[in-house]
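The values are calculated or read from the model by the stated rules, or taken from the named source; none is laboratory data. This structure is a prediction, so every number in the text was calculated from the model and none was measured. Neighbour counts run over all protein chains shown; Cβ positions are idealised from the backbone, glycine included.
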Amino acid sequence: MNVFKDYYNNTVQLSFLDHPFSKNPKHVWVICRYKDKWLLTDHKERGMEFPGGKVESGEAAEQAAVREVMEETGATVNKLHYIGQYKVDGRHETVIKNVYYAEVQELTLQSTYYETKGPVLLKKIPENVKNKSNFSFIMKDAVLESCMLRIKKLYV
Ligand code: GTP
């Protein structure tokens, strides 16, 4: 178990075990790769981040992951790998999120990207992402670096 503070000083617990905090998490986050690049979305308020969101009622977390990637980037997921789970103890609520690594098959233009401006492809995630105002706060804690290390070791 990895414990640290996030960008807003909330406590985060991250684990690579099999669903340690909840069998049915209500949130998902998907680290996506397409043709040797990282695929992110540009959220209208938060800035660039890997896609994700809330699991809808009647939906499995994996289905939410595939749906959110399509909605926010137009990408079709070819393979989805479970990476881990994290829990954020916020001031008002606790959020539990599954992290996945997705291999993307194709990117198709969408008429809407919902609350985002759509796909962004990056060769590299900048080292100093924490200091960049065009990146989202969810990219600014140790969840990103720990998960990226694991993904690079296992898949990339
Ligand atoms: P809506 O209900 O969609 O309007 O969103 P919300 O702002 O209430 O957000 P959500 O329920 O997704 O998350 C509630 C709080 O949890 C946020 O304000 C953040 O402080 C925190 N949070 C959510 N997701 C993450 C994340 O991926 N990383 C970190 N560090 N905190 C998160």
Only one residue in Tyr86, Tyr82 is touching a helix residue (DSSP H, G or I) at 6+ places or on another chain (Cβ under 6 Å) and either part of a strand (DSSP E or B) or under 24 Å from Tyr155 (Cα atoms) (or both). Which one? Tyr86
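Results for (1) at pLDDT below 95; (2) among the hydroxyl-bearing types (Ser, Thr, Tyr); (3) in contact with a Phe, Trp or Tyr (Cβ under 6 Å, 6 or more places away or on another chain), shown as yes or no for each residue.
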site	(1), (2), (3)
Val28	no, no, no
Thr41	no, yes, no
Val55	no, no, no
Ala61	no, no, no
Arg67	no, no, no
Met70	no, no, no
Gly84	no, no, yes
Arg91	yes, no, no
Val104	no, no, yes
Is there a residue in the stretch 143-150 that is buried (at least 19 other Cβ atoms within 10 Å of the Cβ), of a type in the set (A, V, I, L, M, F, W, C), part of a strand (DSSP E or B) and within 16 Å of the chain's Cα centre (by Cα)? no
Within the stretch 108-134, track down each residue that is within 13 Å of the ligand (Cβ to nearest atom) and either more than 18 Å from Glu68 (Cβ to Cβ) or at pLDDT below 95 (or both). Lys130
Residue list for the stretch 1-26, filter: charged (D, E, K, R) and either within 11 Å of the ligand (Cβ to nearest atom) or at pLDDT below 95 (or both): Lys5, Asp6, Lys26
When both residues are 6+ apart or on different chains and their Cβ atoms are under 9 Å apart, which pairs have a first residue that lies in the stretch 6-32 and is touching a residue at least 40 places away in the same chain (Cβ under 8 Å) and closer than 18 Å to Gly53 by Cβ, and a second that is part of a loop (DSSP other than H, G, I, E, B) and away from the ligand (no atom under 14 Å from the Cβ)? Pro25/His19
Among the candidates Ala61, Ala75, Ala102, single out the residue that is over 12 Å from the mean Cα position of the chain (by Cα), buried (at least 20 other Cβ atoms within 10 Å of the Cβ), more than 11 Å from the ligand (Cβ to nearest atom) and within 13 Å of Trp29 (Cα to Cα). Ala61
Does at least one position in the stretch 129-138 carry a residue that is out of contact with any Gly (no Cβ under 7 Å at 6 or more places or on another chain), touching a residue at least 60 places away in the same chain (Cβ under 8 Å) and within 15 Å of Asn10 (Cβ to Cβ)? yes
Members of the stretch 15-48 found to be in contact with a helix residue (DSSP H, G or I) (Cβ under 8 Å, 6 or more places away or on another chain), of a type outside the set (A, V, I, L, M, F, W, C) and not in a strand (DSSP E or B), listed by number: Asn24, Pro25, Arg46
